[in-house]
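Shown next, in structure tokens, is the structure this report addresses.
The values are calculated or read from the model by the stated rules, or taken from the named source; none is laboratory data. Just so we're clear, the structure is a prediction, and the values are computed from it rather than from any experiment. Using ideal geometry, Cβ is built from the backbone for each residue, glycine included, and neighbour counts are taken over all protein chains shown. Side chains included, ligands, DNA and RNA excluded: accessible areas come from the protein's heavy atoms. Shrake-Rupley method; radii C 1.70, N 1.55, O 1.52, S 1.80 Å.
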Amino acid sequence: MANRIREDILMNERERYKITSNDYADIIIEFSRYTGEYDLNNMTILSDRYAIIHIPVDALSKDSINQYGYEGFPSCLDLTSTIDLEASGVLRVQQVPNLNLRGNNVLVGIIDTGINYTHPAFLHTDGTTRIQTIWDQTIESEDSYPPKYFYGTEFSSEQINLALQSDNPLDIVPSTDTNGHGTMLAGVAAGTESAKDGFSGVVPESELVIVKLKEAKTFTKEFFLIPEDVLCYQETDIILATKYLLDYAMKVNRPIAICIGLGTNQGGHDYKGVMSSILARYSVYAGVGISTSAGNELNLGHHYYGVVERNSTGVVAEVNIGISRPSFSMELWSSVPSSLTAEIISPTGESFISPPTRLIETRRKDFIFENTTIWVNNISLESQTGDQLILFRLQNPSSGVWRFRITSRNPVESTFHMWLPSKGFIPADTLFLKPNPDTIILSPGNAEDLIAVGAYNTENDSIYVNSSRGPTRLKTLRPDFCAPGVNILGPNLAKSYTTGTGTGLAAAHVTGLAAMLLEWGIVRGNLAGMGTPEIKTLLIRGAVQKTSNTYPNNSWGYGAVNIYNSFQSL
């Protein structure tokens, strides 16, 4: 079937309202595994392997995971930030006459909350825009959506320039950034220099391509018990946003550096999920550099690692539930040959044993004394990884300590990981009582070939206190290296500048470095086949390492990024 469907066919125009309607849920299918009927009028193609089908929410329930599998329900991603150019060698490179790499003829793509396109950080000196196009997925239109994508609205540089000349710019281009995260990331990567404000993006002469993501659908948030008022985004929209940026870059024949400053604790924390595998495939294209944030999960207590000894009575993971009684989902992942079972014990002593390990089954338990409902899926062969997944969904859990006794059905030593939701989806007082600090890189930072960036403080050369640590669940090194990410200056929504902190800003910084390397490699013809793997290698070679540390390590990766050193290594 995959060979008979072209990637550039997304869905019939008559049915396009389903992409954004909350009356329809987005379900991911894999062509080789899907046994239902194919209806192109009800399908959005993600790649030659995956597609979205749009199902009426009335036809779905918490048990629908039995039919569509865990991978069928899109992961939800959180923002990863709340500039220093000298520390990473940018200024030294730009002062070398034969280099002076400032992003000429290179695109910088930002997938995030949008952009304040009226900010001086995104204007040429003559007042015209440096933004080539904005795809705002949140603004519905009859005929202004990007070709092949059928939702949202696309705004051209000509329209943006008309808006900038108007007394009421939003009457012409109504796309906004109400959060500020996307605006700051775009500025850190590629903002126009402002001497009076002491600000410059890494590549102030590049051109920008922006995707403002629509929020996750109500059904997706409800399925994973994500609070209604939390800002989050579906992996499906991020995949389509990345494809849009690549399509645009190909159309104008420019290399592109892409920043994904979002992440999720959902999934196996490996390279095998739907989003990770698709983005990894894109990242090896010549002329493409994709950077993503490691996450800000350290010291939050969101990860537990356990070892069930052979023939033992099991391991108990304790989770403290905060006073607000937040609903949330939690995942346990274990590798072959493990076959694990979980007993859930409430603060008052009520207990429930998860269903036996099967291909997939949903069990529901109503805890009478706690006024709590829990759904458990014990999936013996998760389809993307081949590993075991136990998915817990806790609705209105009572405050106090909940215990999860993990036992093995096989007489072998079994290791497992458990993850709570990432920072933005759960209160600070809901956490594991004995957490493990490693293996907390957010996806897609665990994907192969993508550049996963941690954050450090340039004022004292210390790792950012919340910068996520590796490795991946499969023991692959992460992060690749660290970049400035503490008290970083960037543009805000008030046409001025403010500081921010987080690995999302560090990823934006590295996106600018990737644009510099693409200008050197692709535009100037020094390395015509340069893609994300080559960019990563060059930046690793230039990373600064402290003599007191052993490298690579789970906090710094290969060290602090320094592009001047990268060119010296050549």
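Some points to look at:
- Within the stretch 426-450, considering residues that are buried (at least 24 other Cβ atoms within 10 Å of the Cβ) and of a type outside the set (Val, Ile, Thr), the one nearest to residue 283 (Cα to Cα): 450
- Residues that are modelled with pLDDT of 95 or more and either open to solvent by 30 Å² or more (accessible area, probe 1.4 Å) or not polar (S, T, N, Q) (or both) within the stretch 126-143 comprise 126, 127, 128, 130, 131, 132, 134, 135, 136, 138, 139, listed in sequence order.
- Residues satisfying the stated conditions in the stretch 521-554, i.e. open to solvent by 70 Å² or more (accessible area, probe 1.4 Å) and part of a loop (DSSP other than H, G, I, E, B): 524, 526, 528, 545, 546, 547, 548, 550
- Of all residues in the stretch 208-234, those satisfying the criterion of being open to solvent by less than 10 Å² (accessible area, probe 1.4 Å) and not hydrophobic (A, V, I, L, M, F, W, C) are 217, 220, 233, 234.
- The stretch 517-536, residues that are touching a Ser or Thr at 6+ places or on another chain (Cβ under 9 Å) and over 17 Å from residue 292 (Cβ atoms): 519
- Among residues of the stretch 337-361, those that are at pLDDT below 90 and out of contact with any Ser or Thr (no Cβ under 9 Å at 6 or more places or on another chain), counted: 1
- Within the stretch 66-89, tally of residues that are in a loop (DSSP other than H, G, I, E, B), more than 18 Å from the chain's Cα centre (by Cα) and at pLDDT 65 or above: 2
- Tally, over the stretch 451-475, of residues that are open to solvent by 10 Å² or more (accessible area, probe 1.4 Å), over 26 Å from residue 547 (Cβ atoms) and under 18 Å from the mean Cα position of the chain (by Cα): 1
- Residue ranges of strands (runs of 3 or more DSSP E) in the stretch 313-373 with at least 1 members open to solvent by less than 50 Å² (accessible area, probe 1.4 Å) and among the β-branched types (Val, Ile, Thr): 315-321, 340-345, 362-367
- Flag for residue 196 being assigned to a helix (DSSP H, G or I) and of a type in the set (Lys, Arg): yes
- Count - residues of the stretch 290-311 that are under 13 Å from the mean Cα position of the chain (by Cα), part of a loop (DSSP other than H, G, I, E, B) and not hydrophobic (A, V, I, L, M, F, W, C): 2
- Any hit, the stretch 391-403, residues being open to solvent by less than 20 Å² (accessible area, probe 1.4 Å), over 28 Å from residue 229 (Cα atoms) and either outside any loop (DSSP other than H, G, I, E, B) or hydrophobic (A, V, I, L, M, F, W, C) (or both): no
- Residue within the stretch 144-159 that is of a type in the set (D, E, K, R), at pLDDT below 95 and in a loop (DSSP other than H, G, I, E, B) present: yes
- Total residues in the stretch 410-424 satisfying the condition of being open to solvent by 10 Å² or more (accessible area, probe 1.4 Å) and in contact with a strand residue (DSSP E or B) (Cβ under 6 Å, 6 or more places away or on another chain): the figure is 4.
- Failed condition for residue 97, given (1) at pLDDT below 80; (2) open to solvent by less than 30 Å² (accessible area, probe 1.4 Å); (3) of a type outside the set (A, V, I, L, M): (2)
- Selection from the stretch 522-570 of residues that are among the basic types (Lys, Arg) and under 22 Å from the mean Cα position of the chain (by Cα): 536
- For beta carbons closer than 6 Å, sequence separation of 6+ or different chains, a first residue in the stretch 556-570 that is assigned to a loop (DSSP other than H, G, I, E, B) and a second that is open to solvent by 30 Å² or more (accessible area, probe 1.4 Å) and of a type in the set (S, T, N, Q), the qualifying pairs are 559/545.
- Selection count where residues are in contact with a helix residue (DSSP H, G or I) (Cβ under 7 Å, 6 or more places away or on another chain) and polar (S, T, N, Q), scope the stretch 540-567: 3
- Within the stretch 276-286, tally of residues that are open to solvent by less than 10 Å² (accessible area, probe 1.4 Å) and either part of a loop (DSSP other than H, G, I, E, B) or touching an Asp or Glu at 6+ places or on another chain (Cβ under 8 Å) (or both): 2
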